[in-house]
Every structure is written in C-alpha cells, then in structure tokens.
1. Tell me which residues, restricted to the stretch 537-557, are modelled with pLDDT of 75 or more and closer than 20 Å to residue 631 by Cα.
2. For residue 109, indicate whether it is under 22 Å from residue 296 (Cβ atoms), of a type in the set (Phe, Trp, Tyr), surrounded by fewer than 24 Cβ atoms within 10 Å (Cβ to Cβ) and touching a residue at least 40 places away in the same chain (Cβ under 8 Å).
3. Quick one: how many residues across the stretch 225-243 are touching a Pro at 6+ places or on another chain (Cβ under 9 Å), part of a strand (DSSP E or B) and not hydrophobic (A, V, I, L, M, F, W, C)?
4. Tell me the residue from 500, 473, 493 that is modelled with pLDDT of 85 or more, surrounded by fewer than 19 Cβ atoms within 10 Å (Cβ to Cβ), assigned by TED's automatic domain parsing to the domain that holds residue 428 and over 23 Å from residue 409 (Cα atoms), please.
5. Name the single residue, out of those in the stretch 112-134 being more than 19 Å from residue 284 (Cα to Cα) and out of contact with any Leu (no Cβ under 8 Å at 6 or more places or on another chain), that is surrounded by the most Cβ atoms within 10 Å (Cβ to Cβ).
6. Being assigned to a strand (DSSP E or B) and touching a helix residue (DSSP H, G or I) at 6+ places or on another chain (Cβ under 7 Å) is the filter here; which residues of the stretch 669-694 pass it?
7. Counting only residues that are in contact with a Gly (Cβ under 8 Å, 6 or more places away or on another chain) and in contact (Cβ under 8 Å) with a residue 40 or more places away in the chain, how many does the stretch 449-466 have?
8. For the stretch 413-449, how many residues meet the condition of being buried (at least 19 other Cβ atoms within 10 Å of the Cβ), assigned to a loop (DSSP other than H, G, I, E, B) and at pLDDT below 85?
Amino acid sequence: MALLAKIRIISEHSMKFSFALIKKLVPQVKSKKELIEKLNLYSFEAEDGEADTFEVSLPPNRFSDAASHWGMAKEISAILGKKFECPKSSLGLGLGVHDKSRNSRVDNFRVMIRDKNLCSRYAAAYFDNVKVVSSPSWMQKILVDCGLRPINNIVDIMNYAMLETGQPLHAFDYDKLLQDESGPEIIVRLGEKGEKISALDDKVYELDGLVLVIADSRRPLSIAGIKGGQNSQIDKNTKRIIVEAANFNGVNIYRSSRFLNLRTDASLRFSHNLNPELAEIGLSRAGELLREIVGARPGKIIDLNFARPQKKIIKLSLERLKSFIGIDLDFKKAKRCLELLGFRVKVPARALSRYPADEFLVEVPALREDVLTFEDIAEELARYTGYNSLKSQAPKIHLAPSGFEDQIILKDKTKKILTRAGLSEVYNYSFISKEEGRKFARAKKLIPLQNPVSNEYYYLRPSLISGLLRNAEDNLRFFESVKVFEIGKVFSENPGGAKERLVLGLILASKSKEPFFELKGLLAEFLKSLGLVDFWTAPFSSQDNWFNDSPRHYLETNTLLKVESDNNPFGYLGKIKQATIKRESAFAEIDLDILLQLISGEYEYQPLPRYPAVERDISLVVEENVRISDIISQIQDVSRTIIQDVDLIDEYERSLTFRIVFQAEDRTLTDKEVNDQMKKITDTLRFKFKARIR
C-alpha cells in the first residue's frame, strides 16, 4: 500500500533516508556525520535529519536510480571504494517467486491495458496463504523513521519494498475483485467523466476523462500511481492478494495529482518518470519479503511490458577525458570507478592487442537515465575521483576580435551624444516594401527575400531612409518638429553574397524651419565629440556610389554633400525632396564601420618628430560658392611631403584664416623653404579661387 505513503519532503526533490537501513546495506559506513559529508562531497546535497534519518536533495533525473535506499547504498559504496551487492532475489522477475506447479483457476487473473502511452508496463503477481498481522518491529522502525505509518504486514511490506527499491507498489485483496469463470480482470483505463472513487484516506474523488485508474470489469479500484481505493483494500480477513508494480506516464500522474489536489509519495515518484525496469525489481523484492515474513505462496505472474529501451553504449577516450576534465586516469582506475557505479566496461576487439586501451565502450545501467553522453560519463569519473583533485588552471576562452567590442563602444557613445543633443532613438524593420524599393533605390540593385511574408516586407533595406521617414511623418502630426536617429544594418550587393554594414541614420523634420544647416552642424559636432577632427564635406559626384544606391533618388542634388576624411567618404547628407515628404526635412547617413576605422586611425601611435615644426597662418577672402574643404585640399596638394596639417582656425562671413603646419622628417626646415612654400600657396589660391590675401 505504498500509495498510502506520505514521506515528508523538504523540497520538491528531497527525501528522507534511514541511516540504520543504509548501515545495514553498507556496513563500512562509520557514522551518519561521515555519511553526510561524503554525500555532499561526491554525490548530492545532504543534511542531518530527525532521529536516525538524513535528508538528500535529488536532481529530477536521478529518481529512477537514487530515490531508494538501494540506490543510495550504491552511491555510498562507490564513494568508499566498495562494490554494492543487492539483496537476494532482487533481480529477475519471478526468480524465486513464481511456483510453476501452480497455474490453476484458483490463482488465475487477467490484465488489460487500454492506453499503452499512459501505462508502459504493468507487472502483477498472485500470492495466497496470506495472514494479515503486524509487521516486524525492525521494519516498523524504519517506516516510522522515513515518515510512514505502519498499518499491517502486507501494507508495510509494500512500503518497505518501495523504500528499498524506489518502485511504488500496491496490493489488492484478490477476493474483493469482481470475478467470472476465469477469475478477475484488472483493467488500466482512463476514468470516466463524473465517475467517483472512495479512496483510502476516507475521501471521495470525482474523476474526469484524463485521470488514469486501475479497475475491474465494473468499478475503479484505485487512482493509478496516486491512491488506493477502499473497495479492494487489505484487511484482517484478506487471504489472497495481487501485488501491482506498474510504470505510469509522469505527465499524466502530475496532472492528475494537481487536478485531484492529492499529493502522495507515489505520485511524486511517478511524476519524475521512473524507469520501467524498476517494476521488475520492486515486484521481485516484494515477493521475497512476502515469502520470508508472511510465509505467502506465490502463484501466477503477469508482466505486460511495452517499454523495452535499447542499451545505451558510450565510447570513452582516456585522452579526450584528460583534455576535458584535466585528470590523467589510467584504464584500470577508470574501469573500477565505473563498475562500482554499476556501469559495464567493454574493450573493443580492435583494442585487445594494446590493453589497457585508450578507447573503450561503457554500457550505461538501465536506471541511470541521466547519463546520455560522453560528458555525463566524464562527470561521473570527475566527481568520484574527487573535484578537489582537479588541478587549477587558467580558463581557455574564445576572445572576440577587438573590433567587435570597439563597435559596441562606438554605438554606445553615438547614442549618448545624439540623445544629449535632443534626438530620439528609433528602431525599424530591416525590410522594405516594393513601393519603398521603387521610391528609394533602383530595384535591380535591391536584395529580395527568398520567402517574403508580404509585399510590405519584400526587400532587404539598402538605407535607413524609408523607416526614418515613416517615423518623421507619423510624429509630425503631433509635434512641430521631429529629430530622430537609428543605428542599424543595411544590405548591399556583393559578388560573394549580400554585404551587411552598420550605419547611422539621422532625420530632422519641421513644419516651419529649414533643418538642413542644423543637421550639418549637428553632424560636425557629433564627429568632433567622437574624436574625429580631420573631416570635411564636399559635393556628391557621380562616381560616389559607395552606398548601395545613389541618394539622389530622395535627396535634392544641389544640397547633396558627402562627408569624408583622409580621402575616405563615410557618409552623406542633404535635403529630402518635397515629392518624398511634404515638410522641410534633411537626412544624413553615416557608415559606422568606416567611421570606426577613421577614429582608430586618428589615435594611432606615431613616434615623436625628430625635427621641429613651423606654423604659418594665412588669411583670405573668397566668394560664397567656394568650399572650405576644396581650399584645404588645394593647400595640402602644394607639398604633401612637408605640409603636415591644415586647419581652419577662424571664419567670419567669407573671411577665412588657416593654420598651416610645415615639418620634414629628415631635416630642420629653413625660413627660405617655408617662405617659398607660402608663396606657392598664395599664388595657387589666387589662381584657383580668386582669393584676396589679407
């Protein structure tokens, strides 16, 4: 009657164990304190319990092999370096139990399973010559220590066998089952909606169509895997019994337990998906105890087994094991450790000539459902060798290229600078529609999706303009002006496939003001804040197609400017065409991948110059259509060898002052050399730009 049992649980996966029973199974254990220390060091979290008990927290995948005193004894024996031997008649269903001479009508019964998915194995055995009395005092003490209430010898044997093996068991009074000419029939089926059962806790439970029950041909006898029923319980008049050891679907038992608000030790165990092999072990042990303690005579045995899992065999390489856990184990030590835990070690035929082998096969015990891979075997060897024996060494980790981290830093600084400037960040999809593709790019240069969800998401975006325009138009309905930016990926054609680039898009839109010059100034301050000082803007030429497609599709040509540094274009800006948006607006797009390289180059190490520099200022007045970037380029072209830097240091209307730095790498420049270069510069500026030198 293990279905009656209610072991006190300290957590969802913790159980009580009797130290006296463990001491009986493993005599080498000296004290409970030592036992708890060993378990904490090598196996599970354990703590001292009341009286003669200790409590162990079990992982959910260890209930099949470790939620029992035999399983715990095997763990402890392995820790102590001893081989655990199960008590007699614990293996092999029917060994020492089934009397072949008895197969008459007297002990006949049948079993039917209607849903094999909910009950993968059902083993049952008949016993007669049963006398119901009190169980031995030693058994009662262990039951009480583990939180179980002794009832009678039959029920107590079921509970004790469960504590030993981990398999919940249940006993039916054979004579209380509905019978016909061929004896009673046990049926495993789903309870009918509205069907009721009086359980052993004196409560009536109403079933639904999803609760599994054990029934005869007329009524339910017990709630499968949870609680027995009163109509087949063992009492003082019981002479014949049928012992049940079954395997039920864990999900169904958990769901049924929650539905009925009925939680028992059996339901807890079955909810963790016990291994079907336990049914054989549990029934065989219960049969042995019934013969020894009660003097019961075994009869017919039925074992309906629809779960016959294949053997799990894992290849283990000692060299791989050494590189994985850092312990150099020889074959004999690894083999002994695994065999103590119940594993079987096999040496492949090809390796027999070089025994001990570097590679061998490990057969996993049926109950060890947590061991599936090489890593699981390595963990077993590591914990039983001792984690303290693992040598400390520096971790080996994959270091990401510094550029990736630099890009993250750049994105973070960009967001901070722009939000401080009053812009809001937005996020948009990386796809554009067919209509947006025609509006913002040449369709033949766009990259279509292989399986577009709809025409609204047909192409990969070549620019951030489409999404930012939608953001601006949506928000201009409520605000006088809109200032937003986005950092995202854009996609362009490439011979090897689509190329991704990280870009920054900015859009300023207003109902009344012209935002172009504001955007240009904002962009300049943004670049300076990032540390890029040497940059300028220039007209966008027909050769400047370094983006996927020309921005002339959506920006006014006479305002279209490229942004470059060190002759490397990395962005553009301009006014958005009125045909695209009905408000005054300007747009800029910056390639952050190129910008990152330029910023890094700005801070590259250069050795200190060996020779002094000479600085000269030149002031001039030019016409309004002359661009400052063109003047700087022209000055630098006079002599690339000794003109190191040109900076605009003062500007008032069209009166400009530039500072020119002269420096040679191999000598100190003379005044004559510098004066000659200044004369060439003034002559060039007068000729090229009709400049008036002040």
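1. Result: 537, 538, 539.
2. Values: under 22 Å from residue 296 (Cβ atoms): yes; of a type in the set (Phe, Trp, Tyr): yes; surrounded by fewer than 24 Cβ atoms within 10 Å (Cβ to Cβ): yes; touching a residue at least 40 places away in the same chain (Cβ under 8 Å): yes.
Criteria met by residue 109.
3. Residues flagged as touching a Pro at 6+ places or on another chain (Cβ under 9 Å), part of a strand (DSSP E or B) and not hydrophobic (A, V, I, L, M, F, W, C) within the stretch 225-243 amount to 1.
4. Answer to the selection: 473.
5. Among those residues, the one meeting the criterion is 132.
6. 693
7. Result for the stretch 449-466: 3.
8. 2
The values are calculated or read from the model by the stated rules, or taken from the named source; none is laboratory data. Bear in mind that the values here come from a model prediction, so they are computed numbers and not experimental data. Glycine gets a Cβ as well: all are built from the backbone with ideal geometry, and neighbour counts include every protein chain shown.
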